[in-house]
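> Below you will find the structure I want to go over with you.
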Amino acid sequence: GCLAGSIRFPFNGHYFIQSNLSYEGFVACPKNVSLLSEMEEDTPTFSSPAEEIDYWKGQANYFKQEQEDVQAQFDEFVEDSKELEAELESQLQQAEKKISDMSKVKQSMELENEKLKDRLQATTNEFSFTVTSLQDEVSEYSSKITDLQKYIRELEHNNDNLERGNRAMMCSLEDFEKKLNEAIEKNALLENEMEDKAGLQEMVQRLKDESRDLHTELSTIRRKSFNKKHSEMEVRCSSPGPESAPTTPVKEGNTQNGGFVNGIPISSSAKISALNIVGDLLRKVSVSVS
């Protein structure tokens, strides 16, 4: 910054200055003054002028060689800078082209974004309407579900009542079946009794017929016995007296058999006993029938 028109370039971590100014101009810079003062402090003491001249010649050759090396590095740096500038120029053109392309893409994307915004707004409006309608349907279904739950509770209550009624009916049905079975058994007994009754009626009718036959035969026997006794009485009355042979009276129970029942000869005492048995049977039959 002290030398006008000078060029500063880096080398090995230091900045070197290329300039055509004089030594006085170089020394006039404050920074260079401090550098020269440091160099003077490092300058050794000499025993003769020739030794000092040799020292400074060596320093001059050293700095000249350093200046040539730095100039070569500077020339190389300039060439590299030109190449870098050209490369950067090419990259800049490519970047500008890419920026132009990206601007076009950006414009198209903005247009597409606007379209998507419009579609999103329409979709949002449609979705809001759908959500509102669905919320209304949900409210309606919730009300229906509440009514159905109430109806289900009523059905469960009615079902419980029906189950209780069914259990009561089953108990009644069991009682009815029991009574029905008892009635069936009683009916079977009555049928058996009716069959026995029919048999008894047939027996009674047969006994009645036999009793009628016995009564008829007994009447005939009594009439014959009475006629026989009357004839004997008449004969006894008409006999000559005590010298006539005594006649042995004949008891009614020892009379000659005078009839047959079903082809079997029967005495009068047996007939009377049979009539008494028939009368008892008729009374028993009458009582059982009633």
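> Can you name the condition, by its number, that Asp147 falls short on among (1) of a type in the set (D, E, K, R); (2) open to solvent by 80 Å² or more (accessible area, probe 1.4 Å); (3) modelled with pLDDT under 90?
All conditions are met except number (3).
> Could you list, in sequence order, all residues of segment 88-100 that are open to solvent by less than 100 Å² (accessible area, probe 1.4 Å) and not polar (S, T, N, Q)?
Leu88, Glu89, Leu92, Ala95
> Consider only pairs whose beta carbons are under 8 Å apart and that are at least six residues apart or on different chains; among these, list those whose first residue lies in segment 166-180 and is among the polar types (S, T, N, Q) and whose second residue is surrounded by 10 or more Cβ atoms within 10 Å (Cβ to Cβ) and part of a helix (DSSP H, G or I).
Between residues of segment 166-180 that are among the polar types (S, T, N, Q) and residues that are surrounded by 10 or more Cβ atoms within 10 Å (Cβ to Cβ) and part of a helix (DSSP H, G or I), there is no close pair.
The values are calculated or read from the model by the stated rules, or taken from the named source; none is laboratory data. Values in this document were obtained by computation on a predicted structure and should not be read as measured data. Cβ sites come from the backbone with ideal geometry, for glycine too, and all protein chains shown count toward neighbours. Keep in mind that these areas ignore ligands, DNA and RNA; they rest on the heavy atoms of the full protein, side chains included. Shrake-Rupley method; radii C 1.70, N 1.55, O 1.52, S 1.80 Å.
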